[in-house]
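Chemist: Got a structure here, written out as structure tokens. Questions coming.
The values are calculated or read from the model by the stated rules, or taken from the named source; none is laboratory data. What you see is a predicted model; the values in this text were computed from it and never measured. Reconstructed Cβ throughout: ideal geometry from the backbone, glycine too, with neighbour counts over all protein chains shown. Side chains included, ligands, DNA and RNA excluded: accessible areas come from the protein's heavy atoms. Shrake-Rupley method; radii C 1.70, N 1.55, O 1.52, S 1.80 Å.
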Amino acid sequence: MANVAVIGAQWGDEGKGKVVDWLASRADIVVRFQGGHNAGHTLVVGSQTYKLSLLPSGLARGKLGIIGNGVVIDPEALLAEIERVRGQGLTVTPQTLRIADNAALILPLHAALDRARETARADRKIGTTGRGIGPAYEDKVARRAIRMCDLAEPETLSEKLDELLLHHNTLLQGLGAPVFEKQALLDRLLELAPLLLPYAEPVWERLDEARRAGRRILFEGAQAVMLDVDHGTYPFVTSSNTVAATAAAGTGMGPASVGFVLGIAKAYCTRVGSGPFPTELTDATGALLGDRGREFGTVTGRRRRCGWFDAALVRQAVKVGGIQGLALTKLDVLDGLKELRLGVGYRIGGETLRHLPAGMRAQAAAEPIYETMEGWSGSTHGARTWVELPAQALKYVRRIEELVEAPVTLLSTSPERDDTILMRDPFED
Ligand code: GDP
Ligand code: IMO
Ligand code: MG
């Protein structure tokens with residue numbers, strides 16, 4: 001019996017939340033292992049729509065949710081999200097949610113620095129979510145982060161705030177942004193401590209016990225391989241490793257525990273924020289995909305950029321992310337299009353490449369090489385079995401499998417939980 005890790009194979013918003021929610025019916029525990037409330041995972045269950053940023057998507061199935069040490073946690077955002085989903089009828093208590101005591105916290109000064117730096121970058125901005133993700137990970141690596149466990153030690157909090165403020169206020173001042181005052185931050189953290197500490201524990205221990213007892217663990221990735229800080233379109237990336245290997249370090253488990261790696265990809269491609277996007281469509285077809293796919297950021301509300309499926313890019317994500325099977329989502333958005341294109345490589349200067357190179361200028365100059373396919377006239381919307389799919393839609397899926405060098409093991413045909421076609425159960429692999 002394997003565990004499963006779900007990761008994005010493009011630039012995020014592939015439908016990880018929907019797929020994790022669907023697979024969670026077969027799992028015992030759902031664990032987040034990286035990212036923070038920059039993520040926005042949408043679950044549609046009947047008439048309810050849940051938008052989760054920090055909470056593991058398994059909570060909508062009543063499964064135990066764990067936030068691993070690799071996640072950066074904004075306490076205010078977490079508590080607000082808990083209240084919001086409780087209002088929608090979900091149960092979130094210290095019995096159903098556990099949080100790594102060694103996870104790093106995001107404070108208001110991180111979001112302030114994130115935004116001040118983006119403003120200063122002007123037309124070179126990354127297009128971050130402005131939620132302090134980058135600065136929080138920087139502090140973690142720089143060994144000055146405040147962690148969940150510090151909330152139980154007022155002296156530690158006080159000492160760490162001195163160091164943090166020395167660093168951040170210097171930067172904020174230099175950027176012309178308002179500085180932060182220690183006492184207000186300390187008082188607020190001490191107020192939040194009794195609300196958060198009941199959730200905190202060494203989650204690695206619970207996960208180890210669960211693993212030994214044969215429980216099924218589902219690792220829920222945020223962002224995607226092309227936003228990975230090493231493997232993505234750097235510097236237009238997020239500040240964590242998003243590949244499946246992170247599921248181990250980000251929870252306190254060994255690499256062998258991660259299990260089957262399921263990559264999620266849209267049947268076309270989208271991106272929020274700045275950065276290279278070779279198959280981007282800025283014409284009417286791009287607008288059509290955006291309208292039909294309701295491509296607005298869950299977190300930012302910004303319109304997502306849309307383009308053709310880039311098979312060369314997903315192939316690269318399959319390789320560096322260790323993806324063993326692909327869940328293809330939003331096939332229904334392509335219904336009725338006369339002609340479809342698949343990116344199969346890039347032309348850069350006089351050179352032809354099958355992968356996106358690392359250099360910034362090379363990435364920006366990459367022109368896609370396309371293969372054209374006929375579309376289908378029938379509907380895939382809401383299909384729950386393969387036999388319901390038009391023959392040409394199946395052909396499109398098969399061609400993607402060949403090009404990305406990974407099997408499509410799951411298909412999603414609408415936002416609704418059950419409009420899903422399973423080819424191969426990843427827990428049985
Ligand atoms: P995530 O960040 O990867 O979890 O994805 P988001 O939730 O941010 O964005 C995916 C959007 O597509 C959400 O609004 C989903 O409800 C929706 N969605 C997911 N799967 C499908 C699908 O197969 N078809 C359609 N039309 N929408 C889908
Ligand atoms: P989910 O989990 C799409 C993008 C931002 C920006 C870059 C860096 O819903 O797929 P950050 O705030 O992380 O420093 O921003 O990464 N980004 C996402 N794009 N989906 C996400 O999450 C994203 N999380 C961050 O738009 O370009
Ligand atoms: Mg999202």
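Chemist: Quick check on my filter: what residues within the stretch 408-429 are more than 14 Å from ligand 1 (Cβ to nearest atom), over 22 Å from V344 (Cα atoms) and not in a helix (DSSP H, G or I)?
Modeler: M423, R424, D425, D429
Chemist: Scanning the stretch 267-283 for residues that are among the β-branched types (V, I, T) and in a loop (DSSP other than H, G, I, E, B), which turns out least open to solvent (accessible area, probe 1.4 Å)?
Modeler: Across the stretch 267-283, the extreme among qualifying residues is T279.
Chemist: Restricting attention to the stretch 37-71, and to residues there that are near ligand 2 (Cβ under 10 Å from one of its atoms) and polar (S, T, N, Q), which single residue is farthest from the chain's Cα centre (by Cα)?
Modeler: Here the answer is T42.
Chemist: Separate question: Test of understanding: among G293, G301, G250, which residue is within 16 Å of ligand 3 (Cβ to nearest atom) and surrounded by 17 or more Cβ atoms within 10 Å (Cβ to Cβ)?
Modeler: Going through G293, G301, G250 in turn, the sole match is G293.
Chemist: A further question on this structure: Right, V299: touching a helix residue (DSSP H, G or I) at 6+ places or on another chain (Cβ under 7 Å) and touching a residue at least 60 places away in the same chain (Cβ under 8 Å) or not?
Modeler: Details: touching a helix residue (DSSP H, G or I) at 6+ places or on another chain (Cβ under 7 Å): no; touching a residue at least 60 places away in the same chain (Cβ under 8 Å): yes.
No, not satisfied.
Chemist: Within the stretch 322-338, identify whether any single residue is among the small types (G, A, S) and in contact with a Leu (Cβ under 7 Å, 6 or more places away or on another chain), and answer yes or no. Step through it out loud before you land on a result.
Modeler: Applying the first criterion (among the small types (G, A, S)) to the stretch 322-338 yields 322, 325, 327, 336.
Okay, now just the ones that are also in contact with a Leu (Cβ under 7 Å, 6 or more places away or on another chain), so 325, 327.
Looking through the stretch 322-338, at least one residue is among the small types (G, A, S) and in contact with a Leu (Cβ under 7 Å, 6 or more places away or on another chain).
Chemist: Hey, another quick one. From the set of residues in the stretch 6-36 that are within 10 Å of the chain's Cα centre (by Cα) and either at pLDDT below 95 or in a strand (DSSP E or B) (or both), which is surrounded by the most Cβ atoms within 10 Å (Cβ to Cβ)?
Modeler: Result: R32.
Chemist: With (1) of a type outside the set (A, V, I, L, M); (2) open to solvent by 10 Å² or more (accessible area, probe 1.4 Å); (3) more than 16 Å from ligand 1 (Cβ to nearest atom) as the list, and Q223 as the residue in question, which single condition is left unmet?
Modeler: The failed condition is (3).
Chemist: Same structure again: Filter the stretch 63-94 down to the residues that are assigned to a loop (DSSP other than H, G, I, E, B) and of a type in the set (D, E, K, R) and list them by number. Walk me through how you get there before you give the answer.
Modeler: The first filter runs over the stretch 63-94 and keeps only residues assigned to a loop (DSSP other than H, G, I, E, B), leaving 63, 68-70, 74, 88-94.
Residues satisfying the conditions are K63, D74.
Chemist: With the condition being open to solvent by less than 10 Å² (accessible area, probe 1.4 Å), within 30 Å of L64 (Cα to Cα) and not polar (S, T, N, Q), I'd like the helices (runs of 4 or more DSSP H) fully within the stretch 109-199 carrying at least 3 qualifying residues. Step through it out loud before you land on a result.
Modeler: Working: elements: 133-141, 154-174, 182-196.
Hits in the stretch 109-199: 133-141, 182-196.
Chemist: Could you list all residues from the stretch 370-407 that are crowded, with 19+ Cβ neighbours inside 10 Å and either of a type in the set (F, W, Y) or outside any helix (DSSP H, G or I) (or both)?
Modeler: Those that are crowded, with 19+ Cβ neighbours inside 10 Å and either of a type in the set (F, W, Y) or outside any helix (DSSP H, G or I) (or both): W376, T380, A383, L389, Y396, A406.
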